[in-house]
Amino acid sequence: MSRNPHTTGSASDGRPLGRRGFVLGATATAAGAALAGPLSGTARAAGFGYTDDGSNYVIDTGANLVFKVSKSNGDLTSLVHRGTEYQGYGGMNSHIESGLGSSTVSIRQSGSTILVSVAYGTLRHYYAARSGENNVYLWTNKADTSVSATRYIVRVRKGLFLNDEPDSYTYAPTTVEASDVFRKSDGQTRSKHYSKLRVMDYDYVGWTTGGVGLWIVRSNHEKASGGPFYRSLLRHQSADGGGLYEILYYGQNQTEAQRFGLQGPYVIAFTDGGAPSSSLFPGTLTTPWADSLGISGYVGASGRGRVAGVGITGRDTAYPYTVGLANPAAQYWGSARASDGWFSISGILPGTYTLTVFKRELAVHTQSVTVTAGGTTTLNTIAIPSSNDPGNASAIWRIGTWDGTPGGFKNADLMTYAHPSDVRAASWTGNVVIGNNETASFPCYIWKDVNSGLLVYFRLTAAQAAAAHTLRIGVTTAYANGRPQVTVNDVWTSAIPSPPTQPNTRSLTNGSYRGNNHTFTYNVPASAWKTDTSQYNVLRIDVVSGSGTTGFLSAGTAIDAIDLLA
């Protein structure tokens, strides 16, 4: 699995952490591992055990952590580390979704493990404590749509960690959009949606003061949706406090149906300020101690399989490649080795999956693969046909690269952690001349009400102007059915293309460009071109749609690449 190259002691932009810095990341130091990792033995720590205070089960891990679980609804009502209460803001507890109703809550101790079980309708939720650890292990089994359970949120008291990052609110915010995007007085925008990261880029999320770290280490997301490149909110802060999330299913800009079943373990982990131990990370964490606990839907290591590929040919080695597995019940992924495309994905539930090879985020190959419990499915070298990669086509000119992302286009990097109206954004308008820094000059997003009608200037040779050519526009997602219609030299206009299937929620304004990659093709006749080779041809790109509202919520689309084929 890909790891985010953050190191303990630095923020996500490389700045040293202050007393109340906080990070999202994936790399643990040896010190962090020693502080936060699961114990290898089964010896019980002094003080390990639980009591009943009448309203809650009180669990002492025998380390520096005592937490309480409500006996009536399964809420996490207290989270005390080294004598400091971290849980709670606004009178609310930490819990599934916004809290369950009356539930059946039970507790039992099995050697060095204490398990709290919560039953609410068809939902089953679990908290586990291990002797001598500053961790809480959680599982959630959502069996159907009868119960709303799309997240677990750890609510953290105000004032414990810094509140000034992209996914924070500000103390005196001005609302920009809906009730979850805000603008500071300096013009920078903030929102809980602005995490910057794809799910494959992080293993944990949280904060550190330098002396204590509070984290959620995510699960393997096998029952989540959206694949390795999906983006969702991970945490937030406001004047009232902060929240850390494990997203079980998220509907914003979602490309897949909801999956059901057991998700976890995900871990609430305290450290002495460092990153959580890598032994807790998805793909690394093993829980043989949970095999006999009776957790609903639990499948241990012996009931899972592995897929390994000896290599992938036909790759463009300038790009990273990812291999994904998906079916209606589960999803997995792993990185292909840069040198030869070798990959290995383990911990897979038995079944038949669609295997997809991605060039960065663009699907360039699919095939079926079957996984059996306890077995390894070994695949011979996968050969990507040249025609499967649109970047291999000969082009007269090309803006951007065919990789399934708007990377390289104007404002593309900023849009994963800011609103399009942010003061840091370059102008969304402006025309482009081929041969003059065209990719960096072309905006990553085009909206009907903001910058529709962008012009691209280019020259053709006499031979090129004498022939018809195919124009391609690749998009990564669209809002409100926004799609491109093109006009060449004001003499030829394409038909309005049909809208491809895309998510029906906000996307371009909440930090996500990832939808369903789609390529629009336009067959431009020779009669549309200028015959004078000294003159510029002019391509106009308009966004058309009968949906959307105004401004940045008008119909729009995100651009992957644009080219005119030879």
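Each value in this text was obtained by applying a stated rule to the coordinates, not by laboratory testing. Nothing here was measured: the structure is a model prediction, and the numbers come from that model. Please note: Cβ atoms are built from the backbone with ideal geometry, for glycine as well, and neighbour counts cover all protein chains shown.
Each Lys or Arg adds one and each Asp or Glu takes one away; over the other residues whose Cβ falls under 10 Å from the Cβ of Ala561, this sums to -1.
Treat region 251-395 as a sphere of radius equal to its Kirkwood radius over Cα pairs and apply Stokes-Einstein at 10 °C in a medium of 1.306 mPa s; give the translational diffusion coefficient in µm²/s, rounded to a whole number. Let's see the in-between values first.
Values: Rh = 17.3 Å.
For the chosen part, D equals 92 µm²/s.
Could you tell me the center-to-center distance, by alpha carbons, between region 129-178 and region 369-446 in angstrom? What the calculation gives is 31 Å, centre to centre.
Direction-averaged projected area, Cα convex hull, region 301-385: 5.0 nm², rounded to one decimal. Principal semi-axes of the equivalent ellipsoid, √(5λ) from the alpha carbon gyration tensor of region 117-246, are 28, 19, 15 Å from largest down.
Would you kindly give the portion of the calculated P(r) for region 163-239 that falls above 16 Å, as a percent of all Cα pairs?
Working: 1636 of 2926 pairs.
Within region 163-239, distances greater than 16 Å cover 56 percent of Cα pairs.
Legend: residue pairs Lys448/Lys530; Lys359/Lys530; Lys68/Lys196, Cα-Cα distance threshold 30 Å; pairs beyond threshold, Lys359/Lys530; Lys68/Lys196. Asn141 sits among other residues whose Cβ lies under 15 Å from its own Cβ, and their net charge, with Lys and Arg +1 and Asp and Glu -1, is +1. What is the distance in Å between the Cα centres of region 47-120 and region 191-213? The distance from the Cα centre of region 47-120 to that of region 191-213 comes to 24 Å.
When a/c reaches 1.5 or more, the comparison of a/b and b/c decides; with that in mind, is region 390-565 rounded, prolate or oblate per its Cα gyration tensor?
Values: a/c = 1.83, a/b = 1.62, b/c = 1.13.
It is prolate, given that a/c is not under 1.5 and a/b is the larger ratio.
Which value, in nm² and rounded to one decimal, describes the direction-averaged projected area of the C-alpha convex hull of region 430-486?
Values: hull surface 19.4 nm².
Result: 4.8 nm².
Out of all DSSP beta bridges with both ends in region 390-565, state the antiparallel percent to the nearest 5. Walk me through the intermediate numbers first.
Values: 37 of 40 bridges.
So the antiparallel bridges amount to about 90 percent of the total.
A convex hull fitted to the Cα coordinates of region 24-290 yields 128 cubic angstrom per residue.
I'm spelling it out carefully: the read-out is percent of Cα pairs over 38 Å apart, the candidates are [x] 24; [y] 34; [z] 30, and one was derived from this structure. Which label? Read-out taken from this structure: [y].
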